[in-house]
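Contents: one structure, followed by commentary.
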Amino acid sequence: MRDHRSLVVASVLALSFAVGGCSASADEPSTKAAATSGPTASPGASPAPGTAGPSAPKPPSGASLPLVTPPVRAAMPAGLAGSPKGLTKGAPRSLALDPSDMKSRFFTEGPTSIFRLLALVDSSIGEINARIAGGGAPCLASEPVAYTLSPFGASIPFFAQCYSTSPNGFVQFGQMNGSTFLYSVAGAGPVAVQVTPIGTEGYSVHAWMSIADGKTTGGSYGVIELLADSQAHSFELAVAGRGFGYCGAQLKSDGANVYEVGSSDMGSTCNEPATACVSASDVLVPGTCGLVVEKFVLGALGRVASAGATGTLAASGYPGEPLNTVLLDGSATDSVTFGPAAPVAGVLELGR
């Protein structure tokens, strides 16, 4: 059920904001160095859907927030990393799903690259950690304030203790029952993050990313959701958009194989769903997918038919109507907006 899952959300563009100070590098930061001071879960235990991690005392005000990119990279199959192969930029779209095309769009360079988006999240976290280290954060000892996010038709409980504002927007974050929560709004859209420790070294990361600059530029416009477990080496991705190459698609890796299903975007139309199964070590090599890797934890994402400021968009063939949930009509109530527009009442300002 989409409205009973743990969350980690990541959104987009101009995420290094609202916290001030100098940006920290997030190319390959050490997860261990940035780990939350709260205790980890039992080895192999993942947080129950819709919940945070294991119960724990409130962390001290000097506790740092964990970074997002390192555990995502650790969970990803090797075949989705490195230089893209197969379909070249500008090549005509195939009716079948092309694993190397999905790799080039979401795991290498470009506006829809998850690593570009995660780096922005980690830059923001790095700035927060620098402020915490410099003067502490008494707000992290305060009672977490509960609020609700509503990404893509879901209803997700979230928590915050501290906030910081800037002319570009705001960020609020907190730690609850072992998990770290971060939600921010600036520029293109909101971002929220939950990172939960698993075992002694692992992390679970669940992210929603919004790419909204296409509302005005005509470029990429849509949403990306991911779920990564660095201990189990499992990874899932769900996308829906315009300028993504896909009206709606999903990908899952169990560490050995990668299964993909989706509706490719032909411009004015969306293709019928197609599937692909490839090796996790090389997306050009056929895999042997079974029920385990073909069963998703994430709900499917697909754009609904719409006509608005961004033009006329056809409905995604995957998951197909009436299961499509992503509205991309260029309005203020489209699917790239899914949370509060200002800090939640009761959350304390960072540094106080």
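Laid out as a table, the results:
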| read-out | value |
| --- | --- |
| Filter result for Arg131 (in a helix (DSSP H, G or I), closer than 24 Å to Ser335 by Cα and of a type in the set (D, E, K, R)) | no |
| Test: residue in the stretch 285-304 that is in contact with a helix residue (DSSP H, G or I) (Cβ under 8 Å, 6 or more places away or on another chain), surrounded by 15 or more Cβ atoms within 10 Å (Cβ to Cβ) and aliphatic (A, V, I, L, M) | yes |
| Candidate set from the stretch 201-228 (those that are assigned to a strand (DSSP E or B) and farther than 18 Å from Leu117 by Cα); member that is modelled with the lowest pLDDT | Gly202 |
| Matching residues, the stretch 319-335, being closer than 20 Å to Ser264 by Cα and crowded, with 19+ Cβ neighbours inside 10 Å | Pro319, Asn324, Thr325, Val326, Leu327, Leu328, Asp329, Ser335 |
| Options Ala305, Ala314; residue that is more than 16 Å from Ile224 (Cβ to Cβ) and in contact with a Leu (Cβ under 8 Å, 6 or more places away or on another chain) | Ala305 |
| The stretch 218-239, subset under 26 Å from Arg73 (Cα atoms) and out of contact with any helix residue (DSSP H, G or I) (no Cβ under 8 Å at 6 or more places or on another chain), residue surrounded by the most Cβ atoms within 10 Å (Cβ to Cβ) | Ala238 |
| Members of the stretch 134-154 that are closer than 17 Å to Pro340 by Cβ, touching a Leu at 6+ places or on another chain (Cβ under 8 Å), aliphatic (A, V, I, L, M) and not in a strand (DSSP E or B) | none |
| Only listed residue being of a type outside the set (Val, Ile, Thr), under 26 Å from Ser184 (Cα atoms) and surrounded by 13 or more Cβ atoms within 10 Å (Cβ to Cβ), chosen from Leu350, Leu313 | Leu350 |
| Residue in the stretch 313-335 that is of a type in the set (Val, Ile, Thr) and over 30 Å from Ala160 (Cβ atoms) present | no |
| Qualifying residue in the stretch 131-153 (condition: out of contact with any Lys or Arg (no Cβ under 8 Å at 6 or more places or on another chain), touching a residue at least 60 places away in the same chain (Cβ under 8 Å), aromatic (Phe, Trp, Tyr) and closer than 23 Å to Glu236 by Cβ) | no |
| Count of residues meeting criterion [touching an Asp or Glu at 6+ places or on another chain (Cβ under 9 Å), part of a strand (DSSP E or B) and within 19 Å of Glu143 (Cβ to Cβ)] in the stretch 160-170 | 3 |
| Cross-chain or 6+ apart pairs with Cβ under 8 Å, the stretch 265-281 first and more than 22 Å from Glu236 (Cβ to Cβ), then charged (D, E, K, R) | Met266/Arg93 |
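For every residue, the table says whether it meets (1) farther than 25 Å from Leu80 by Cα; (2) within 15 Å of the chain's Cα centre (by Cα).
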| site | (1), (2) |
| --- | --- |
| Leu97 | no, no |
| Ser100 | no, no |
| Leu120 | no, yes |
| Ala130 | yes, no |
| Ser142 | yes, no |
| Ala146 | yes, no |
| Ser150 | yes, yes |
| Ser155 | yes, no |
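Each row is one residue, and each column tells you yes or no for (1) among the hydrophobic types (A, V, I, L, M, F, W, C); (2) within 29 Å of Thr333 (Cα to Cα); (3) touching a residue at least 60 places away in the same chain (Cβ under 8 Å); (4) surrounded by 24 or more Cβ atoms within 10 Å (Cβ to Cβ).
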{"site": "Phe173", "(1), (2), (3), (4)": "yes, yes, yes, yes"}
{"site": "Met209", "(1), (2), (3), (4)": "yes, yes, yes, yes"}
{"site": "Thr216", "(1), (2), (3), (4)": "no, yes, no, no"}
{"site": "Gly255", "(1), (2), (3), (4)": "no, no, yes, no"}
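The values are calculated or read from the model by the stated rules, or taken from the named source; none is laboratory data. All of these numbers come straight from a predicted model, not from anything done at the bench. Glycine gets a Cβ as well: all are built from the backbone with ideal geometry, and neighbour counts include every protein chain shown.
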